[in-house]
1. Want the number for residue 120 to residue 30: 0.36 nm per residue separation, take away the alpha-carbon distance, what's left?
2. Give the angle, between 0 and 90 degrees and rounded to the nearest 10, that separates the Cα long axis of helix 167-184 from the longest principal axis of the Cα atoms of the chain.
3. What share of the DSSP beta bridges in the stretch 121-231 is antiparallel, in percent to the nearest 5?
4. Per 10 Å bin from zero, what fraction in whole % of the C-alpha pairs of the stretch 79-211 is there, up to the bin with the longest pair?
5. If you consider only alpha-carbon coordinates, what radius of gyration and Dmax does the stretch 156-215 have, in Å?
6. Quote to one decimal, in nm, the extra length available between residue 299 and residue 240 on full extension: 0.36 nm per residue of separation minus the C-alpha distance between them.
7. Angle check, please: helix 137-149 long axis (alpha carbons) against the longest principal axis of the chain (alpha carbons), in degrees 0 to 90, nearest 10.
8. Nearest 10 degrees is fine. How inclined is helix 294-306 to the longest principal axis of the chain, computing both from alpha carbons?
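Just so it is clear, none of the values below were taken in a lab; they were calculated from the coordinates. Everything numeric in this text was worked out from a predicted model, so none of it was measured. Glycine also receives a Cβ, built like all others from the backbone with ideal geometry; neighbour counts cover every protein chain displayed.
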């Protein structure tokens with residue numbers, strides 16, 4: 001099999017005159033959690049559908065562990081939980097999972113055994129004889145995840161897994177995903193608009209806008225690439241520190257937080273701060289470099305796209321490759 005779990009080469013998908021996915025190429029490595037982000041209509045769900053083989057590309061090609069997209073070999077390696085899942089109105093939870101197991105190629109006996117495992121894993125055992133269509137939104141999401149896992153896939157595609165859920169249910173879903181990745185050694189691709197939650201799970205970010213891949217990098221590298229150089233300092237006398245920095249650095253006092261300093265020379269700034277604190281007899285309570293959040297990174301990238309910046313486009317040539 002290929003060293004990459006998913007490869008897309010110049011994949012394009014058009015619906016009439018509308019281009020939903022525009023010449024995307026990427027290579028994804030196994031064992032990572034990829035977060036796919038972008039505005040509504042950017043092409044995220046279409047890209048997932050192309051990987052799953054439920055849509056065929058207008059041009060370009062791709063593979064799953066070396067097997068062509070939509071081939072039986074590729075489909076056996078993929079699990080998919082869509083944003084909106086339809087359930088049979090008269091089918092109970094146990095029946096639904098068993099049925100999905102049989103459809104995925106498991107024998108009746110293996111499907112039954114796997115269903116029991118997943119009911120236990122997703123804490124659905126006491127609800128196995130209830131009709132799925134009558135479940136709460138959070139429980140339906142759990143069932144959708146369980147059906148995606150029924151055949152022991154190597155890759156899990158999750159389209160908005162926490163959409164329309166309350167905070168408790170969202171956390172339960174994310175905890176379940178983390179546990180599955182660890183226990184099943186999965187590669188996961190998650191599409192989500194809830195960036196503050198997504199960044200607690202993913203190791204790699206894929207950003208799509210107008211059908212184009214504009215960022216493809218490990219999240220730590222992306223944050224380093226676009227960070228603004230902000231240092232937070234809190235001392236026993238912040239006014240004195242602020243006075244010492246005046247004229248040399250762009251600094252401001254933020255009540256309850258400390259002194260926020262912006263610089264392009266972080267190493268020099270840290271040395272100057274330590275020197276001022278020591279010479280001024282101040283107690284240092286906090287010295288930390290601000291980490292760029294996924295939400296801030298997203299806003300920077302989208303703003304760059306609006307302004308026609310080439311900096312963001314260079315980022316798409318990174319990782320994954």
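1. The residue 120-residue 30 span can extend by a further 29.7 nm.
2. 70 degrees
3. Working: 6 of 11 bridges.
Taking every DSSP beta bridge within the stretch 121-231, about 55 percent pair in antiparallel fashion.
4. Using 10 Å bins, I get a P(r) of 12, 44, 33, 10, 1 for the stretch 79-211.
5. Cα radius of gyration and Dmax of the stretch 156-215 are 12.1, 36 Å respectively.
6. Gain in length upon complete extension: 17.8 nm.
7. Helix 137-149 sits roughly 70 degrees off the main axis of the chain.
8. The answer is roughly 90 degrees.
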